[in-house]
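Worksheet for the structure shown next.
Every number in this text was worked out from the coordinates using simple rules, so none of it is lab data. Quick caveat, the model's predicted, so the values are computed rather than measured. Every residue, glycine among them, receives a Cβ derived from its backbone with ideal geometry; neighbour counts consider all protein chains shown.
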Amino acid sequence: MPQIRIADQQFAVANIFCVGRNFQAHAAEMGSSIGEEPMVFLKPTSAIVPPGATIPLPSWSKEIHHETELVVAIGRSGRDIAKADAMSYVAGYALGLDLTARDIQAEAKKKGQPWTLAKGYAGAAVLTDFVPASAIPHPEQIGFTLHIDGQLRQSADTRNMVFDIPTLIAWISARFGLTEGDLIYTGTPEGVGPIHAGETLQLVLPGLIDQSFTVAQ
């Protein structure tokens, strides 16, 4: 089971919850609308690409897209967590890439099938190192970016999230329950697009996270 370290604590990753369509501009660029409740899907832990590892490109897809996201690590288990208490369950934060085999996803949508392969293949969940929750006292008002080979591709401001972190924690805990070591990918802003062999992807949360990943040749 994959492990993450946050300061002096180590957690086994349990579940990976991913939030789709959490920024209006991204939903618009995908031709989608945002409902009254979060849209959540799962990735297996085998999808994780840890810091320092190379991002694989699956041979069966011709269009892997980047989706840059703030990732929340849950530090203790809970169910039916109240929004007012939600942030006390957060152990730390990272940046991540919810990689998507867009051609496979499009075909699945057309057939009315699940997106599991498009979103959950081995290598589809990139993670930077984590910083403790105390390092980001106001996660509702931070920005982060993705550069590819030095060019800015995505820039996010969490103030633009439709569903904020307490809302997501409360909603997920009420439907699924949350377990120590769970990760929540909180949604991507506009600007998603393809990645290619040999490119360098740099994820930055100013002053706290600055890590790069190379796409396999």
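Quick look at the numbers
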item: Residue in segment 197-206 that is without any contact (Cβ under 8 Å) to a residue 40 or more places away in the chain and of a type in the set (D, E) present; result: no
item: So G177, is it of a type in the set (G, A, S), more than 19 Å from I6 (Cβ to Cβ), in contact with a Lys or Arg (Cβ under 8 Å, 6 or more places away or on another chain) and surrounded by fewer than 20 Cβ atoms within 10 Å (Cβ to Cβ); result: yes
item: Pairs where the first residue, in segment 53-69, is within 17 Å of T145 (Cβ to Cβ) and the second is among the small types (G, A, S) and in a loop (DSSP other than H, G, I, E, B), C-beta under 7 Å, 6+ apart; result: E69/G187
item: Residue in segment 39-51 that is within 24 Å of S212 (Cα to Cα) and among the aromatic types (F, W, Y) present; result: no
item: Residue within segment 40-47 that is assigned to a helix (DSSP H, G or I) and surrounded by 20 or more Cβ atoms within 10 Å (Cβ to Cβ) present; result: yes
item: Pair list, Cβ < 8 Å and 6+ apart or interchain, from segment 74-91 residues that are in contact (Cβ under 8 Å) with a residue 12 or more places away in the chain and surrounded by 12 or more Cβ atoms within 10 Å (Cβ to Cβ) to residues that are among the small types (G, A, S) and part of a strand (DSSP E or B); result: I74/A91; G75/A91; G75/G92; R76/A91; Y89/G78; V90/A73; A91/A73
item: Hits in segment 144-161 - residues which are free of Cβ contacts under 8 Å to residues at least 24 places away in the same chain and in a helix (DSSP H, G or I); result: R159
item: Qualifying positions in segment 105-142 - within 19 Å of A94 (Cα to Cα), in contact (Cβ under 8 Å) with a residue 12 or more places away in the chain and exposed (fewer than 15 other Cβ atoms within 10 Å of the Cβ); result: E140, Q141
